[in-house]
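Colleague: Take this structure, written in structure tokens, and hold onto it; I'll ask about it next.
The values are calculated or read from the model by the stated rules, or taken from the named source; none is laboratory data. Worth saying up front: this structure is predicted, and the values here are computed from it rather than measured. In this analysis, Cβ positions are derived from the backbone assuming ideal geometry, glycine residues included, and neighbour counts consider all displayed protein chains. These area figures cover heavy atoms from the full protein model, side chains too; ligands, DNA and RNA do not enter into them. Shrake-Rupley method; radii C 1.70, N 1.55, O 1.52, S 1.80 Å.
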Amino acid sequence: MINKICCIGAGYVGGPSMAVFAYYCPDLQIKVVDINQERIEAWNSENLNNLPVYEPGLDEIITQTRNRNLFFSTSIKESIAEADMIFLSVNTPIKLKGLGAGKASDLKYIEASTRMVAENARNHTIVVEKSTLPVRTAETIKMILSASIENNNGDNNKTFSVLSNPEFLAEGTAINDLKNPDRVLIGGENDDAIEALASIYCKWIPKEKILKTNLWSSELSKLVANAFLAQRISSINSISALCEVSGADINEVSKAIGTDTRIGDKFLNAGPGFGGSCFKKDILNLVYLSSYFGLNEVSEYWNQVVLINNWQQKRISNLIIKKLFGTVSGKKICILGFSFKANTNDTRESPAISISKNLLEEGAKLLIFDPKVSGKQIINDLITKDQAYSDLSLDKSIEVCSSIEEASKNVDAIIVTTAWDQFKIINWGEISKLMRKPSWVFDLRNCLDFKEENTEGLKIWKLGVSNL
Ligand code: UDX
Ligand code: ADP
């Protein structure tokens, strides 16, 4: 019987997931812990606009659960010691250096948090991997935990079961995805542990949606689900380039193929490439894993999905430069949207970052507006390793703006990189008056509403459509 839960990592996965657990299971006491004190303070802040994660509907759930049965704290050791079940929701970025750099996941945070669990857990504890992890990470977790049982300092009751319970929430729709998931996947070797976790989900999810597998199937399924989704995006993006030169329209093509029920209509929106913390990392994990086992063709096959994604961003940047008479040096360009998709403040792997960097390298001055991403985050994302934090803002290469109008003043071009709702209702007649002539709008998400009567004098480029 599970009474107390501890979740290590109060990020985009840990925070919303545990909030929904607390919402549906008022009898559970849930502590979400993190080493980042600033983040914990933000989770505890009175003003719900200051929560570290922006996610529609999250504020309401936090209001109902926080300090009732959901607690955010930095007391990691104590929370581990009293927990019956511990979720590992720490970050697993791509390794920057060493073996597998640029491809393999950096498991240092998983290792550190598992060591904390090994040292501080009491009695029987179920340890659940929730972060996206390379296949067979559970093996590493088990090894660290069993080593602590061998050196148990007299605590003979200490035992562990390890489960894999990958998170399939998509940012921007996380609360709905957590409330109504397509499925919940639980992988493990111990039936009692699997049942203990399944009985929590059963509080709000139909039993038939809870899939039970072995540990490795669960870990691999998460990587493969994301690889398949990303593959659809690279596929449609490759076709968007073909549409632009052939006179076809990517929206019509997407609709035509998506109505085939065998293909389905989801994840067929062409755009500036996929971003987010998972897709690239998970595919690169698959690439690394396949080549590790000598499956070079498999590895190259999946790597191509990432290469097309990079190519799409470079292709778009070059095209913008070409349209602006072959140079953007000294020109002001507006970037609308900096998060990797609408309805989140997360910028990890955002296409806006690579496109902005390409334009900065060509000497452009960028005016950037995003409804939810902070100026500090934008500057941090655009700093290269040789630059000081203040360089970019001081020399005015980058200006972070607080409205669409402010970001449009005297610019040669507006590039819409994220499909925020407020961009879909822009009055282009009014905005174009603020811009330098000739004025360009690059609609990289195919999401803007251009009306004939108010786009006079505006040159419009839409992704995947035969353009001017
Ligand atoms: C993804 C998976 O969907 C989720 O199941 C997993 O747990 C985490 O990774 P997320 O990255 O949050 O979720 O968002 P998602 O909606 O999948 O979008 C990823 C990227 O693909 C975004 O940059 C989005 O703009 C892009 N995308 C998505 C497209 O370009 N076209 C589409 O049709 C769909
Ligand atoms: P995700 O999208 O996977 O949730 P985030 O980066 O948003 O990733 O969140 C991961 C969180 O895990 C961060 O807030 C980070 O401070 C926290 N974290 C990393 N390592 C540890 C650790 N050893 N103990 C506690 N928290 C950790």
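Colleague: What would the Debye equation give as log₁₀ I(q)/I(0) for region 215-468 at q = 0.15 Å⁻¹, counting only Cα atoms as equal point scatterers?
Modeller: So the normalised log intensities are -1.10.
Colleague: Can I ask one more? Give a residue-ordered list of calculated ³J(HN,Hα) values for region 185-202 (Karplus: 6.51 cos²θ - 1.76 cosθ + 1.60, θ = phi - 60°; whole Hz; x for Gly, Pro).
Modeller: 10, 10, x, x, 10, 10, 4, 5, 5, 4, 5, 4, 6, 4, 5, 6, 4, 4
Colleague: Residues with amide H under 5 Å of residue 160's amide H, sequence separation 5 or more or different chain, H placed in the peptide plane at 1.01 Å from N; which?
Modeller: Under 5 Å from the amide H of residue 160 lie the amide H atoms of 125, each far enough along the sequence or on another chain.
Colleague: Also, quick follow-up: What spacing in nm lies between the two simple spin-label points modelled at residue 436 and residue 151, each 7 Å away from Cα in the Cβ direction?
Modeller: The two pseudo-label positions are separated by 6.4 nm.
Colleague: Give me a comma-separated list of calculated 3J(HN,Hα) values for region 285-294, in order, Karplus coefficients 6.51, -1.76, 1.60 applied at θ = phi - 60°, integers in Hz, x for any Gly or Pro.
Modeller: These are the phi-based 3J(HN,Hα) values: 4, 5, 5, 5, 4, 5, 6, 4, 8, x Hz.
Colleague: Also, I was wondering about something else. Can you tell me the order of 138-150, 68-80 when each peptide is scored by its average per-residue count of other Cβ atoms within 10 angstrom, highest first?
Modeller: Descending mean neighbour count gives 68-80, 138-150.
Colleague: Compute the acute angle (0 to 90°) between the alpha-carbon long axis of helix 137-150 and the principal axis of greatest extent of the alpha-carbon atoms of the chain; round to the nearest 10°.
Modeller: Roughly 30 degrees, rounded to the nearest 10.
Colleague: Now a separate question. Shape call for the chain from the C-alpha gyration tensor, a ≥ b ≥ c root eigenvalues: rounded (a/c under 1.5), prolate (a/b greater than b/c) or oblate?
Modeller: On the way: a/c = 1.99, a/b = 1.75, b/c = 1.14.
Here the chain falls in the prolate category.
Colleague: Where a Cα-Cα gap under 17 Å defines reach, which aspartates and glutamates qualify for residue 365, not counting those fewer than 8 residues away within the same chain?
Modeller: Counting by Cα, and skipping residues close in sequence, residue 365 has these aspartates and glutamates nearby: 381, 391, 395, 399, 405, 406, 412.
Colleague: May I ask you to compute the full-extension gain from residue 260 to residue 374, defined as 0.36 nm times their residue separation minus their alpha-carbon distance, rounded to one decimal in nm?
Modeller: Working: separation 114, 0.36 × 114 = 41.04 nm, distance 4.12 nm.
Length gained between residue 260 and residue 374: 36.9 nm.
Colleague: Could I ask something else about it? Using r as the Cβ-Cβ distance of residue 3 and residue 101, and R0 as 56 Å, what FRET efficiency do you calculate, to the nearest 0.05?
Modeller: My answer for the efficiency is 0.85.
Colleague: Still on this model: Can you give the FRET efficiency to the nearest 0.05 for residue 46 and residue 179, using r as the Cβ-Cβ distance and R₀ = 30 Å? It would help to have the intermediate numbers written out before the result.
Modeller: On the way: r = 25 Å, r/R0 = 0.85.
After rounding, the FRET efficiency stands at 0.75.
Colleague: Moving on to the next point. Can you tell me the length gained on complete extension of the stretch residue 292 to residue 199, counting 0.36 nm per residue apart and subtracting the Cα distance?
Modeller: Working: separation 93, 0.36 × 93 = 33.48 nm, distance 3.72 nm.
Additional length available on full extension: 29.8 nm.
Colleague: Right, next: Around residue 76, with a cut-off of 12 angstrom between Cβ atoms, what is the net charge of the other residues, counting Lys and Arg +1 and Asp and Glu -1?
Modeller: Values: positive: 31, 77, 115; negative: 34, 78, 82, 119.
Neighbourhood net charge equals -1.
Colleague: With the contact rule set at Cα under 8 Å and sequence spacing of 6 or more, what percent relative contact order holds for region 4-213? Spell out each step's value before the answer.
Modeller: On the way: 370 pairs, mean separation 41.8, N = 210.
With pairs under 8 Å counted, the relative contact order is 20 percent.
Colleague: Still on this structure: As a test of the formula, what do you get for the chain when each DSSP H run with n ≥ 4 contributes -39,500 (n - 2.57) and the sum is divided by the residue count, at 222 nm and rounded to the nearest 500 deg cm²/dmol?
Modeller: Numbers: 18 runs with 201 residues, N = 468.
So the calculated ellipticity at 222 nm is -13000 deg cm²/dmol.
Colleague: So what is the relative contact order for the chain, in percent, with contacts set as C-alpha pairs under 8 Å and at least six apart?
Modeller: 12
Colleague: Based on the alpha-carbon gyration tensor of region 4-213 and its eigenvalue square roots a ≥ b ≥ c, which shape applies: rounded if a/c is under 1.5, prolate if not and a/b is larger than b/c, or oblate? Can you show the working numbers first?
Modeller: Numbers: a/c = 1.33, a/b = 1.25, b/c = 1.06.
Taking the square roots of the gyration eigenvalues as a ≥ b ≥ c, region 4-213 is rounded.
Colleague: Let me ask something else about it. Give the long-range amide H neighbours of residue 444: residues separated by 5 or more places, or on another chain, with amide H under 5 Å away, using H modelled in the peptide plane at 1.01 Å from N.
Modeller: For residue 444, whose amide H was placed from the backbone, the distant partners under 5 Å are 416.
Colleague: Enumerate the lysines that residue 266 could reach by cross-link, defined here as Cα to Cα under 24 Å, with residues fewer than 8 away along the same chain left out.
Modeller: Filter leaves 179, 209, 222, 255, 280, 281, 341, 424, 462.
Colleague: Specify the inter-centroid distance of region 356-377 and region 436-468, based on alpha-carbon positions, in whole Å.
Modeller: Rounded to whole Å, the Cα centres lie 20 Å apart.
Colleague: Sticking with this structure for a sec: How far is helix 108-120 tilted, in degrees, relative to the longest principal axis of the Cα atoms in the chain, given as a value from 0 to 90 rounded to the nearest 10?
Modeller: Value to nearest ten degrees: 20.
Colleague: Could you work out how much longer the chain between residue 68 and residue 451 gets when fully extended? Use 0.36 nm per residue separation minus the Cα distance between them, nm to one decimal. Don't skip to the answer; put the middle values down first.
Modeller: Values: separation 383, 0.36 × 383 = 137.88 nm, distance 5.01 nm.
Length gained between residue 68 and residue 451: 132.9 nm.
Colleague: Count neighbours as other Cβ atoms within 10 Å of each site's Cβ, and list the GluC sites (Glu not before Pro) in region 419-468 that are DSSP loop with at most 12 such neighbours.
Modeller: Values: sites: 430, 452, 453, 456; in loops: 456.
Filter output for region 419-468: 456.
Colleague: For the ranges 195-201, 261-267, what's the packing order if you count other beta-carbon atoms within 10 Å of each residue, average per peptide, and put the highest first? Intermediate values should be presented prior to the final figure.
Modeller: Details: 195-201: 17.6, 261-267: 10.7.
Highest to lowest by the protection proxy: 195-201, 261-267.
Colleague: Let me ask something additional. Mind ranking 276-287, 317-328 by how tightly packed they are, going by the mean number of other C-beta atoms within 10 angstrom, highest first? Please report the intermediate quantities before stating the final value.
Modeller: On the way: 276-287: 24.5, 317-328: 16.3.
The densest-packed peptide leads the list: 276-287, 317-328.
Colleague: So what is the accessible area of region 301-430 per residue, in Å², with the probe set to 1.4 Å?
Modeller: Working: 5630 Å² over 130 residues.
Each residue of region 301-430 exposes 43 Å² on average to a 1.4 Å probe.
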